[in-house]
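Single-structure report; data block below.
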Amino acid sequence: MRFTFVVDPLEGLNACHDTTVSLMEAAQRLGIEVWVTGTSDLALDHDVAVAWARPVQLSEAIRANGRWMASEAWYEAGRAERVPLTASSAVLMRVDPPVDHAYVAATFTLDAAARAGTFVVNDPAGLRNGNEKLLPLLVSDLAPATLVSANETDIREALRRWGLAVAKPLDGMGGRGVVILRDGDASLGALLELVTNCGRRQVVIQEYLPAAADGDKRILLLDGQPVGVINRSSPPGEFRCNMAVGGIVTATELDSRDIEICDRLQPVLRARGLHFVGIDVIGGRLTEVNVTSPTGIREAELLGAEDASDRVVEWIADTAAATSTQRNGMAAGRTSRWPSLSKI
Ligand SMILES: Nc1ncnc2c1ncn2[C@@H]1O[C@H](COP(=O)(O)OP(=O)(O)O)[C@@H](O)[C@H]1O
Ligand SMILES: [Mg+2]
């Protein structure tokens, strides 16, 4: 069996932190061939999805003293070959935002691969249609009060009601460009010019959740069920909790509200083929559903969810096998060796 990972350049990945690397290692452990490609290496040859892709061998990172250690040369990549994506049982689209032209073009190629029977995680149409900052509004009573607008009057009006808010770009990640807006702040006009590009670009304005002081939970969901959870709190002098800005990661557990959020989201995610996602929960409110390249599995594995990557990869392999068996008209199914994923 082969998995192809669509990734940003490998040399830019952090083997001790990136979920993509952890999933590649898990695939290799399970005897699956790991191939990598990039958005610009994908192509449609008439209606056949092809890629210039390279086979990769990984030296696995190891856990030592509560952290991951990886060798500097953590991967060895073979020569690029032009291969049909149908040679892969599964394709994992793991490119970071923004969802720009190159990203969307790649999803069209992946559509063709999916039509031809390759299991694509996440579903390309689901990736195109589901904005990470707006998906929470599909379960709107679980999301913080939200306004999506470029209009200064509307944003000022929301701020009068909320007092404090955050503004976030629609296509950001890692906390980039997320700022606090305060009603009555003398810089508010200028800040709004910056974040909306003078009223030309919609942004997400969310009521500020004071519970952010206790952290931002990241829950990784596989087929809508939790496989790992961590808490991230902001480093000194910073309000954002993202690991990319030095957020402090600690162990946490799912509470009944988290489970309610997961249960309510599951049908939404399943309907959209969003098989592996990372949700952000602040004070029991769903602030974001990360679908492009959710991270946190390395940290979750250090803090209790030991086999999370193996679970994810095995589920993808099983689902890919069942899908292809069904397509071939044979009886589907191999049952997972894992117990129920419903609670961790
Ligand atoms: N509604 C909110 N109230 C308070 N802080 C927030 C809110 N939304 C986001 N934040 C802070 O900003 C950070 C980044 O926001 P998020 O919506 O997760 O975007 P990103 O895609 O950049 O991670 C969060 O980790 C949290 O610290
Ligand atoms: Mg986030």
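Coordinate-derived values only; no laboratory data. Since the model is a prediction, treat every value here as computed from it, not as a measurement. Neighbour counts run over all protein chains shown; Cβ positions are idealised from the backbone, glycine included.
Below is a table of values for the structure above.
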read-out	value
Footprinting exposure proxy for Ile155, Ile230 (fewest neighbouring C-beta atoms within 10 Å first)	Ile155, Ile230
Expected 222 nm ellipticity per residue - DSSP helices of 4 or more, -39500 (n - 2.57), all of the chain, to 500	-8500 deg cm²/dmol
Sites Leu302 and Thr153, calculated FRET efficiency, Cβ-Cβ separation with R0 45 Å, nearest 0.05	0.45
Sequence-separation-based contact order of the chain, relative, with Cα cut under 8 Å and 6+ spacing, percent	18 percent
Length gained when the stretch Asp263-Ala322 is fully extended (0.36 nm per residue, less Cα-Cα span)	18.8 nm
All-pairs Cα distance distribution in the chain, expressed in whole percent, bin size 20 Å	30, 57, 13, 0
Degrees, to the nearest 10: 152-162 long Cα axis against longest axis of the chain	80 degrees
Spacing of the two label points (7 Å from each Cα toward its C-beta) at Ala271 and Arg82, in nm	4.2 nm
³J(HN,Hα), Karplus 6.51/-1.76/1.60, whole Hz, each residue of the range 78-90, x for Gly, Pro	x, 6, 5, 10, 8, 10, x, 5, 5, 6, 9, 6, 9
Coil-residue trypsin sites (Lys or Arg not before Pro) of the range 76-172, DSSP, other Cβ within 10 Å capped at 10	Arg79
Sorted by Cβ neighbour density within 10 Å, fewest at the top, the residues Leu23, Leu85	Leu23, Leu85
